[in-house]
Structure formats: C-alpha cells, structure tokens
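The block underneath contains the structure these notes are about, expressed in structure tokens.
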Amino acid sequence: MNVLIVEDDFRVANIHEQFLKDIPEVKVKGKAATVMEALTLLEGNKVDLLLLDVYMPDQLGTDMLHLIRKKYSALGIIIITATSEKELVEKAFQYGIDDYIIKPITFDRFKQAIDKFKKRKKLLEGKKIIEQDIIDQYFRSEPLKSSKDTVLPKGIDPITLEKVKQILKGRQAGITAEEMGMEMGASRTTARRYLEYMTSIAKVKAEVEYGIVGRPERQYRLNDDMY
C-alpha cells in the first residue's frame, strides 16, 4: 500500500515515515511540504493513501479535498492536524475522509487508523458486486463476527446443537420435542430447549398440530432457506 505524506513540518513528516516503517505492507511513496507539491506527486505516482495536514504554507489541506475527490475518487485520506475547528472537521467529513487524528498523535492511534484503512481496502479488492455483509463490515471498526463466533446462551451446547440441526434436516415434515429427544438420546425437556432456541433465532419454525387423541403438539421444522 503506497502512502503519501503531506506535512510542512519535516520533523513531523519524519515521525510519520518512521511510524509507517513499523507497519507491514506499507510503503512511503513520497513526502510533500506544500499542497501544490502533493498534487504534483499524485500526478506521477500510484498512491493509495494520503496523510494530510490541514495548515499548509500555500493553502489549507481541506481546500484540496474537492480536487482530490474529482481526480482520485478511490484515494484514501487520513487527516492528521492540530486543528479541531468544527467547520474544518465537518468539511473534511463531507469529502469522505477515512479518519481524522488530532495532534499530538501516538503510534497506537496512528497504527489503528492505518490498519482500519488497510482492512477496508482489502474488503473491496477484486469484487465487482458488493454484498450487504461486506458493506456492514466496511463501516464497522471491527469486522463482523462469523456464525462460529456467536455466543450461545447457557444450556445450549454447540455440538448438541449441530446434532439437532442434522436430525431436523432428515425430518423435513417436522418433529416433536418428544421425537427429537428419542433421536438425540436426551429428555423431552432438553430437546425442547434446543428446538425453542432455534425457533427464537428464526432457524426453525414451530406449528401447533393436533394428534389422534386431540392433544395439541408443537411440530418443529427447519425454515425453507435452511434446507
């Protein structure tokens, strides 16, 4: 990932460069001390991310955002500045910056911003169609947990739960809690607990049916999209 540092204080620019050297898969493509120099470097180099100060000698860094978005729409931008003026912060947000860090900065906060941008960039790479789960992950600080990471409620064992799922797959017409208990080698109460849990998370649907003697029983079956 190629990064361009736009900072008029060479000492600060050097600190940013040193920080970047400690982050894997990152290369400093150049350093610019003015906005015009930054625009020139963008013309001749492939840059993925811009580290931009606001108060530059020739103009405000935020004043170049409209031009950057017009010519380099996919370019990532992280503002690193001492200013916290509401108008400038809002203007930066309006142009879709990736982060805003107020000086003085720490390495941990700096690295957090870079890592977040890297993760977002990798999420979109090579994809022509962006599904909702990718969009959700893009706008979250942390990636969405997979179903394997789901915390199960007390009394629900993941291995037993998987066994219940497999039994349900073989009983598409439905199964009662008593029948489930017999097949899984557990009590009716235990079977019912698992079936009701799956119903609560919309993996199973339950319907009341009447037996031969007229006693109502709950029949459980997997939702159609689970087959």
### Task
Please name all residue pairs, on different chains or six or more residues apart, with Cβ atoms under 8 Å, provided the first residue is in segment 63-87 and is within 19 Å of Ile101 (Cα to Cα) and the second residue is among the small types (Gly, Ala, Ser) and in a loop (DSSP other than H, G, I, E, B).
Ile77/Gly96
### Query
Pairs under 8 Å by beta carbon, first residue touching a residue at least 40 places away in the same chain (Cβ under 8 Å) and assigned by TED's automatic domain parsing to the domain that holds Asp9 in segment 24-45, partner part of a helix (DSSP H, G or I) and aliphatic (A, V, I, L, M), six or more apart or different chains?
Val26/Leu20; Val26/Ile114
### Task
Output the residues belonging to segment 97-111 that are out of contact with any strand residue (DSSP E or B) (no Cβ under 6 Å at 6 or more places or on another chain), surrounded by 12 or more Cβ atoms within 10 Å (Cβ to Cβ) and either in contact (Cβ under 8 Å) with a residue 24 or more places away in the chain or in a loop (DSSP other than H, G, I, E, B) (or both).
Lys103, Ile105, Phe107, Phe110, Lys111
### Query
Applying the selection to segment 46-84, what residues are aromatic (Phe, Trp, Tyr) and under 26 Å from the mean Cα position of the chain (by Cα)?
Tyr72
### Summary
If you go through Val28, Val47, Val3, Val12, the only one that is at pLDDT below 95 and either in a helix (DSSP H, G or I) or surrounded by 14 or more Cβ atoms within 10 Å (Cβ to Cβ) (or both) is Val12
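The values are calculated or read from the model by the stated rules, or taken from the named source; none is laboratory data. Only a predicted model underlies this, so the values are computations on that prediction, with no experimental measurement involved. Glycine also receives a Cβ, built like all others from the backbone with ideal geometry; neighbour counts cover every protein chain displayed.
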